[in-house]
Amino acid sequence: MAKNDFEVIGVGTIVKDLNGYKLMVVERADEHAVLKYVDENGELSRGSVFAVPSHFDFYKVVELHAR
């Protein structure tokens, strides 16, 4: 994912990491995003992952919700 693509990603976007796990953007700011893992039932994890734009180079967008 290109760095500029980070600008369009909004809350609700689902991405897949290099291990095939799905994560959902649950919080968004200009410089970072907070993601939670999505399990097979669609439930979100308790813990979260803090991601900056460069981290998104390792994610593939599954479902985009624009800002």
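The values are calculated or read from the model by the stated rules, or taken from the named source; none is laboratory data. Here the structure is a predicted model, which is why all the values come from computation and not from measurement. For neighbour counting, all protein chains shown are included, and Cβ atoms are generated from backbone atoms with ideal geometry for every residue, glycine included. Remember, those area values only see protein heavy atoms, side chains included, never the ligands or the DNA or RNA. Shrake-Rupley method; radii C 1.70, N 1.55, O 1.52, S 1.80 Å.
Some notes on this structure:
- Yes/no for Val61 being in a strand (DSSP E or B), within 18 Å of Gly12 (Cβ to Cβ) and touching a helix residue (DSSP H, G or I) at 6+ places or on another chain (Cβ under 8 Å): yes
- Residue count, segment 6-23 (criterion: open to solvent by 70 Å² or more (accessible area, probe 1.4 Å), in contact with a helix residue (DSSP H, G or I) (Cβ under 9 Å, 6 or more places away or on another chain) and charged (D, E, K, R)): 1
- Check on Leu18, among the hydrophobic types (A, V, I, L, M, F, W, C) and not in a strand (DSSP E or B): yes
- Residue in segment 24-38 that is in contact with a Lys or Arg (Cβ under 8 Å, 6 or more places away or on another chain), at pLDDT 95 or above, open to solvent by 50 Å² or more (accessible area, probe 1.4 Å) and in a loop (DSSP other than H, G, I, E, B) present: no
- Residues satisfying the stated conditions in segment 43-58, i.e. open to solvent by 50 Å² or more (accessible area, probe 1.4 Å) and of a type outside the set (Phe, Trp, Tyr): Glu43, Leu44, Arg46, Ser48, Ser54, His55, Asp57
- Residue in segment 18-40 that is nearest to Phe6 (Cα to Cα), counting only those that are touching a residue at least 24 places away in the same chain (Cβ under 8 Å) and of a type in the set (A, V, I, L, M): Ala33
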